[in-house]
Structures are given as C-alpha cells and as structure tokens.
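Only one structure is covered here, and it is reproduced in the block below.
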Amino acid sequence: MKRRQLINGLAMTIPAWWLTKSFAAEILNSPMYHRERITTGPFEPTWDSLKQYKVPAWFQDAKFGVWAHWGAQCQPEHGDWYARGMYEEGSDHYNFHLKKYGHPSKFGFKDVINEWKAENWNPDALVELYKNAGAQYFVAMANHHDNFDNFKSSYQPWNSTKYGPKKDLIEGWAKAAKKHGLPFGVSVHASHAWTWYEPSQRSDKAGPFAGVPYDGRLTKSNGKNKWWDGLDPQDLYAQNHALSEPNRDFVKQWNWADGASVPTKSYCEKFFNRIIELINKYHPDLVYFDDDALPLWPINDAGLRIAAHLYNDSIKRNGKLEAVLNAKKLNEEQRKCMVWDIERGASNRLEPFVWQTDTCIGGWHYDRRIYNDKRYKSAATVIQILMDVISKNGNLLLNIPVRGDGSIDELEIAIVKEVGDWLKINNEAVYATRPWKTFGEGPALDAAASLSSQGFTEGKSKPLGAEDFRFTTKENILYATFFAWPESKKVTIKTLAFEKISNVQLLGSKDNIQWQQTGDGLAVNLPQQQPCNNAYVLKII
C-alpha cells in the first residue's frame, strides 16, 4: 500500500507523459523503494558491533547437521558448478551439455531451469530420515551462484515458485524441519553471480558455432514467442556489464579484487533485499554464506547489514540471540563476529571459538557418475570427520546430494542410516560435549595436512586408525574415540598416563573392561566382540 501511495504522490509531481505503466512498475520493483523490514537492536552493521556475538548453546550442543545443497544445477546430474562450466568451451560440463541439451547459445542455463520439476521431492520423508540418523539441525540451499531463488521472492522473478518446480522449496524444507524438531538453516551463494556467470557472455572460439554468443547477454526483448516471454534473462545472469580482466587469479577475483568486475549498487541492494526477505519470511536459525567474510565485502556493506538484522531479529523473536551465521576465510577478529566455516577441511588445532566444517559424501550438486562408480564417502569416513572436528570445538555440516527429481539414491540412504546406527550407540560422546584440554593423539597427527585458504584439505591426511584418538568431554567424563579395532584387542592412550581415572567403559558393550595405568599411558584390554562398526568410544570416568 505504501508503495502505491508513493506512486500516487509521484504522479502529482512527474509529467503524465513520463509516468507510464512501465515506469510505475520500475519504481515498484526498485530496491530503492521496495525495501524489507529491518530489525534494529544492539547489533549495528559494523565489524566492531558484531563482535558482541555469542554462539547459542543449541549450536554448540548439536555437533552434526545435514544439508540439502539442492537446486537447478542438480537437474543435469552432472556435478558442481554446472551453470558456469556449461559455458566454458571444451570443458567436461560443456561437452556433456552439447550432447544432452544442445549448444548454449540455443539452450542456456535458463532452459535447464525450465526442465527442472522436482517431481519426487518429499521434504518430510528426507528430514525424517536425517533426524533418525542423528542430525541435530538441517540446512537447505536458498540459492546458488546460478542466482535462482528456491523460494517465493519479491525481488528475483527467477524463483522456484514461478519456474522450474513451481514450488516454494524453502517453505517445504522449513515446515519439515519444524515438524521434526530440528533447527532450520538456509545457505546463500548468490552474491557472486555477477562474475561467476561471466563465461555465459562469451562464445565458442572454434567449431560450427564459433563467434555465436552464448545466451548470457540476452534481454527481455529477445524472449518474444519463447517460453520465457516477459522474463528478463539479465535478472538471472546479471551480465549486462564488462567482463572481469582476463587471465587473472579467479580466487582473488572472488574477493572482488585482481581486476574483477565490480557490481553496481543496484545489484548489491537487490541481493540485500532478497536475503532480508528470506530471513523475514522463513525465520532461519542459521544462515550460511558461501562468501569470504561476508557477501559483497569489502566493496559493499550489504553483508554487514544482513548480519546485524539477523542477530537483532533473532533477539526480538526469541528474547535472546539464537541465530548462527556462517562464512569462510575469516581472520581472527572476524571469528568473534560469527561462526567460521571451513569447506571440505578441518582445523589442525583446538579452536578457541566454535566453528564448522562443511563437506559432502559426493559432489555438492548431484553427480550421476559418482553414484555409478560408487565413489561416495563411506560411513566410516564421515564418522572420522565428525569426531575429529568436534574434538577441536567444531560442528560437521554434511551434504547429502539430492537428485534433480528431489530424491536421494539408495547408496546415500544406506550411508545415512549407517552413520545413524553408529550415533545411536555412541551419541553421548557427541552431543552436548565440549573439547578436552587436547583434541587427540596418534600417528595421524604428524601427517595432518596444513590448513590454508578456505579449506579443501580432505583426503590429504593419513586416515585415522587404532592408535589415533579424539577426545570429547561432558561433565566429569572423558570420551576417547579410536578408529579401528586392533587385532591385539589392546589400545594404549599415552596422554592419560597420569590422569586420575576410576573406571573405563566401552560404549555399546556390556563387558567389564580391564585397564591399568602405567608410565606409558592408559592401557585398555578390549572385549572379544566389537560393539559397533567404524569407530569405538571409551568412556573414562
């Protein structure tokens, strides 16, 4: 109503020939006039103010969350960053796209979206599966670098309620999470569409389509008599700008440096309003940003404003701060402002602040080849990552890739259930625990990969075995997890040579455990029967 009043007021001061329907529509849809409600409170949109942040207890206690990193790029079932790679001549995605869909000048990513129907999506069943497997929070992808919103957006016409599935996916996930009593999070990746989609501006350098532009520069006027008639592809691709400087470091350009094309203020404000509306409409407990520090930082303060609003809104709705905000590559001071996220990797030390690693059992977007080749992470690997991370004061957010149709495959279901079976026996060593004075011991420590950049150290370290231990605590109990069942049926924890110990138990076993302390450590004789698979937990009192 207020926007209509604004138009009426403008009509009194603007000549009639200028105030056309198209101009009125532009005013109504302009980020300048169509701003979302902003909650004020103790947090201001500055780094210094955000340092007041305290991680809520629910997140510290949760330890394990599941993520549905699911969107239109899962439709081809060909893996990560499809909507960029399909425009990179000669790439794996490009060659696949030619065979499946045709040339990207004729069938672009906007057309892939139109193919996506999510016809077998059952959010209630999936979230129930994850809850039964031990997940303590659930996160769904609100948008990716492809710039398509998986929710009903007032600012992005390219959204899942109008095109593709024609469903509000975030609403469906949120309702399922609430039904099953899980805190709900959303992941946001769209700030980088400006540069990420730049290959869509280009054309082939060779072959029958040499010089024919891909569809990344199409505009609304090109849509006549096409399925997207009336839509502006630039609302999706955001490519009405000069390309970033070529032959530069894309990682540096990710931070809007090293010759990266810098987004306009209008682009930044549109992103800001999209995410504020997402928060206001769905009230997520967690917001994950796939950004270094915050979205659009340091060229714009949109990310700071979103963070302040998220925290203030959480206080207003809950009476205290219950929100979690994740971002990557944070410096020591920024880690006081939010929860540091490490992608596909882990810290090598016991961190002073709660942090999170995010990883996946396969690719981020569903990849049929990983399924066919049976290349998913095993349940044993997932459990190793979980116990390593929580011993260092972290949480694990695990993506289970979702097919384009909205389902997950039988191999994924089996892995999820196997992790759940382990947690049913050993959960007291996981949930609501805190790190001990040292996170672990064992030969794998000497071979641990060093952490650099935003993560990506998975698979570069030695797997954990029978001599490797990770420690967690709860009240006066110490839990020591080891990762293989030794043939000798004996383990020794060197760190515990001189700690005061009154009793040792093996979780899941009813046997009376024999143990003794010597100068070499705590020596434990294990029973003949393993209580579970994949990893084993000593409860030390």
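The values are calculated or read from the model by the stated rules, or taken from the named source; none is laboratory data. Just so it is clear, the structure is predicted and the values come from calculations on it, not from any experiment. Note: areas computed on protein heavy atoms with side chains; ligands, DNA, RNA excluded. Shrake-Rupley method; radii C 1.70, N 1.55, O 1.52, S 1.80 Å.
May I ask for log10 I(q)/I(0) of the range 235-378 at q = 0.20 Å⁻¹, from a Debye sum over the Cα atoms as equal point scatterers with solvent left out?
-1.29
How large a share of the accessible area of the range 224-337, in percent, is made up of carbon and sulfur atoms when the probe is 1.4 Å and the other protein chains stay in place? Spell out each step's value before the answer.
Values: 2160 of 4440 Å².
Carbon plus sulfur share of accessible area: 49 percent.
Round to a whole number: what % of the accessible area of the range 113-163 belongs to carbon and sulfur, probe 1.4 Å?
Working: 600 of 1540 Å².
Carbon with sulfur: 39 percent of the solvent-accessible area.
Match the structure shown to one of the listed values (1) 24.1, 77; (2) 25.4, 93; (3) 24.8, 86 of Rg and Dmax of the Cα atoms in Å, computed from it, and give that label.
Matching entry in (1) 24.1, 77; (2) 25.4, 93; (3) 24.8, 86: (2).
Of the cross-linked pairs Lys131/Lys281; Lys51/Lys270; Lys110/Lys166; Lys106/Lys205; Lys205/Lys226; Lys63/Lys316, which ones have a Cα-Cα span greater than 19 Å in the structure shown? Spell out each step's value before the answer.
Values: Lys131/Lys281 24 Å; Lys51/Lys270 26 Å; Lys110/Lys166 14 Å; Lys106/Lys205 16 Å; Lys205/Lys226 27 Å; Lys63/Lys316 26 Å.
Exceeds cut-off: Lys131/Lys281; Lys51/Lys270; Lys205/Lys226; Lys63/Lys316.
Could you tell me how many degrees, from 0 to 90 and to the nearest 10, lie between the Cα long axis of helix 169-179 and the main elongation axis, the longest principal axis, of the Cα atoms of the chain?
It is inclined by approximately 40 degrees.
Take the cross-link list Lys178/Lys320; Lys162/Lys220; Lys336/Lys377; Lys152/Lys336 and give me the ones stretching past 23 Å between alpha-carbons. The partial results should precede the final answer.
Numbers: Lys178/Lys320 19 Å; Lys162/Lys220 16 Å; Lys336/Lys377 32 Å; Lys152/Lys336 33 Å.
Going by Cα-Cα distance, Lys336/Lys377; Lys152/Lys336 fall outside the 23 Å limit.
Can you give the % of DSSP beta bridges in the chain that are antiparallel, to the nearest 5? Don't skip to the end; give the middle numbers.
Values: 28 of 65 bridges.
Roughly 45 percent of the DSSP beta bridges within the chain come out antiparallel.
In whole percent, what relative contact order does the range 59-199 give with Cα contacts below 8 Å and a gap of six or more residues?
Details: 206 pairs, mean separation 40.5, N = 141.
It comes to 29 percent, rounded to a whole number.
Given a 1.4 Å probe and heavy atoms of the protein chains only, how would you sort Arg217, Arg434, largest accessible area at the top? Mind dumping the intermediate values first?
Numbers: Arg217 115, Arg434 80 Å².
My answer, sorted largest first, is Arg217, Arg434.
Subtract the Cα-Cα distance of Val262 and Ser91 from 0.36 nm times their separation in residues, and report this length gain in nm to one decimal. Provide the component values of the computation, followed by the final result.
On the way: separation 171, 0.36 × 171 = 61.56 nm, distance 2.62 nm.
Stretched fully, the Val262-Ser91 segment lengthens by 58.9 nm.
Could you work out the helix-only [θ] at 222 nm for the chain, with each DSSP H run of four or more residues adding -39,500 (n - 2.57) and the total divided by the number of residues, to the nearest 500 deg cm²/dmol? Don't skip to the end; give the middle numbers.
Working: 17 runs with 153 residues, N = 541.
After summing the helix terms and dividing by the residues of the chain, the value is -8000 deg cm²/dmol.
Could you do me a favour and compute the accessible area per residue for the chain, 1.4 Å probe, result in Å²? Let's see the in-between values first.
On the way: 22810 Å² over 541 residues.
The answer is 42 Å² per residue.
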